[in-house]
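Visitor: Quick one: the structure is below, and I'll ask about it shortly.
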Amino acid sequence: MQKKALLALVLVMTMLLSGCALIQKDTAVDMATVIVRVNDQEFTKADVQYQVVNQLAYTAYIYSMYGMNYDATDEANIAETQQAVVDMMIESAVIDQKAAAAGMNVFTEEEQAEIDAQVEETWQENYDSVLNAYFAETELEGEELEQAVTAKCEELGYSRAVLTEQYSLEKASEKLYNATVASITVTDEELQADYDAKVESAKSSFESSPSNYGYAVNNGTAVYYRPAGYRMVKQILVKFSDEDQALVDEASSAFDAAASEQTTCQNTVTALGLDNVDALLAQVTVTLNPETGDVETSEAAFTAELTEDAAAAVKALAEANARFTYFETKLTEAEATAFANIDAEADAILADLEAGADWDTLMAEKTDDPGMQGDTITAKNGYAVCEDYIYFDDAFTAAAMGVAEVGQWSDKIPGAYGYYIIQYTSDVTEGPVALEEVSEDLTASLLSTKQSEHYEAQLQQWISEADVFTDMDALKN
């Protein structure tokens, strides 16, 4: 959905929520109706409706990005959003009031500098966005243009004053949160219990699906148990050229289509229950266009008496078989050319290794594998792989598991992207990961969860103790 469409939806929602029912009312008076009061802080119908309209429009926009429909005019969606906005306003008001009462809205020079920096960064982003959206074709220049853009920003609610209030409230809320959870800690017993639970869960997961371990390790996800059968490997990938890769991909796509057609035709013939299918196929003559693989002639002189459907099915299978062979040959030729063009490079790398070159140094210089480049965790530690690992090219997995000893490397192995040269770097020892290795991350995660739960409970208590008034019925009138 484009920006104009989003703005149009906002306009429609504004008319829907504040239009027809107000024809016989004084709009200004109606919009001044208090919908939410938290202690002495009030939110009017205009305040609530503004948030509701924008939330509905934003939700519809997000849905549209995923090709889904969200009806922002549906009464149930409107009611749900109204309640969510009111709840948010109550929660925010309680937090702001608690922070102010504790003096947390008074900032140190460092805190104020941080707020100011956030304001300026966001202001500039908003300014540039408004400039591009509303003034792309303007003839205004210099100070005149700047004043116009600034005025439009303020009209849209993007002023520095609004941003300063927003970031000041966020900073005060952050200080309140930190003060509220300051006493929360994680005990050794809690850490051990969480560790034991995660070890048991990981063990169960990896036993039922061994590839889960490799997937987690190779994506930098924390693991708590190491299953049997894994090793760590690194690779120097010598990629096909972009041109050769495109030709291989094109040939592979055509071959896959031919293979799918062949399977369909074979299933059709099998379902007919014909006898001596090979002999029948031998009685069909198929001629293909050598440039395109299209069938130019296909003749059949069946010696056996066949129904029309059976004859057509055998003829279609013969054509499919011919296309399969044709495109299989084309794919083989494309791959052979692509490999031939990188043979010398791969051979030079192997020669350097045999001459004693340091693997990691050479890999950093030569590999085309992004996972083996820079400071990535996989470049440092290698890939985790086992015999049945399903997330790598089968050729890579077979080669990785085929290297006999730690420290050794494979020959150049033809794969989906070029040649793989793989080093077996270490074994993975079966069993739980030591608590010491994961305690820091586990503690941080546990602490964050406990703090969040404690703060949420405290917030709900503050809300229950506050003098809160709401008039949801007034939103519907």
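The values are calculated or read from the model by the stated rules, or taken from the named source; none is laboratory data. Please read all numbers here as calculations on a predicted model, not as lab measurements. Methodologically, a virtual Cβ is constructed for each residue, glycine included, from the backbone with ideal geometry; neighbour enumeration extends over all protein chains shown. Only protein heavy atoms, including side chains, enter the accessible area calculation; ligands, DNA and RNA are left aside. Shrake-Rupley method; radii C 1.70, N 1.55, O 1.52, S 1.80 Å.
Visitor: List, in order, the whole-Hz ³J(HN,Hα) value for each residue of the stretch 223-229 obtained from phi through the Karplus relation with A = 6.51, B = -1.76, C = 1.60 and θ = phi - 60°; use x for Gly and Pro.
Guide: Listing the rounded values in order: 10, 10, 8, 10, x, 6, x Hz.
Visitor: On a 0 to 90 degree scale, rounded to 10, what angle separates helix 45-65 from the longest Cα axis of the chain?
Guide: 0
Visitor: Related question: Rounded to the nearest 10 Å², what accessible area does T221 have for a 1.4 Å probe in the complete protein model?
Guide: Probe radius 1.4 Å; accessible area of T221 about 80 Å².
Visitor: Sorted from largest to smallest, which semi-axis lengths in Å does the alpha carbon gyration tensor of the chain give for its equivalent ellipsoid, taking the root of 5 times each eigenvalue?
Guide: With the √(5λ) rule applied to the chain, the semi-axes are 60, 38, 27 Å.
Visitor: Which value, in Å² rounded to 10, gives the accessible area of K239 with a 1.4 Å probe and all protein chains present?
Guide: 90
Visitor: For labels at Y215 and D473 in the simple 7 Å Cα→Cβ model, what's the distance in nm?
Guide: With each label placed 7 Å out from Cα toward Cβ, I get 5.4 nm.
Visitor: Which FRET efficiency, nearest 0.05, do T44 and A161 yield, Cβ-Cβ r, R0 25 Å?
Guide: Here the calculated transfer efficiency is 0.80.
Visitor: Give the calculated FRET efficiency between Q460 and A100 to the nearest 0.05, with a Förster radius of 22 Å applied to their Cβ-Cβ distance.
Guide: According to the calculation, E is roughly 0.65.
Visitor: Sticking with the crude label model, points 7 Å out along Cα→Cβ, report the distance from D309 to E333 in nm, one decimal please.
Guide: 3.9
Visitor: If you take the square roots of the eigenvalues of the alpha-carbon gyration tensor of the stretch 63-107 and sort them as a ≥ b ≥ c, do you get rounded (a/c under 1.5), prolate (a/b over b/c) or oblate?
Guide: Oblate is the answer for the stretch 63-107, as a/c is 1.5 or above yet b/c matches or exceeds a/b.
Visitor: Next up: Angle between the Cα long axis of helix 75-101 and the longest principal axis of the chain, 0 to 90 degrees, nearest 10?
Guide: With both axes taken from Cα atoms, the answer is about 60 degrees.
Visitor: Roughly how many Å² of I390 are accessible to a 1.4 Å probe, to the nearest 10?
Guide: 110
Visitor: For F302 and T185 in one chain, what is 0.36 nm times their gap in residues minus the Cα-Cα distance, to one decimal in nm?
Guide: 33.7 nm
Visitor: Distance in nm between label sites at L362 and S208, each 7 Å beyond Cα in the beta-carbon direction?
Guide: In this crude label model, L362 to S208 measures out at 4.3 nm.
Visitor: Shifting gears a bit: How big is D for the stretch 377-477, in µm² s⁻¹ as a whole number, if Stokes-Einstein is applied with the Kirkwood radius of its Cα pairs at 4 °C and 1.567 mPa s?
Guide: 67
Visitor: Taking Cα atoms, how many degrees apart are the long axis of helix 435-465 and the longest axis of the chain, rounded to 10 and kept between 0 and 90?
Guide: 40
Visitor: If we sort 115-125, 272-282 on the protection proxy, mean other Cβ atoms within 10 Å, highest first, what's the order?
Guide: Taking the mean over residues of other Cβ atoms within 10 Å, the ranking is 115-125, 272-282.
Visitor: Just to make sure I understand: if all protein chains stay in place, what is the order of Y225, Y50, Y61 by accessible area at 1.4 Å, largest first?
Guide: Correct descending sequence by accessible area is Y50, Y61, Y225.
Visitor: How much length would be gained if the chain were fully extended between Y66 and V277, taking 0.36 nm per residue of separation minus their Cα-Cα distance, in nm to one decimal?
Guide: Full extension from Y66 to V277 adds 71.1 nm.
Visitor: Note the full-extension length gain between E80 and S439 as 0.36 nm times their separation in residues minus their Cα-Cα distance, in nm to one decimal.
Guide: Result for the pair: 125.1 nm of gain on full extension.
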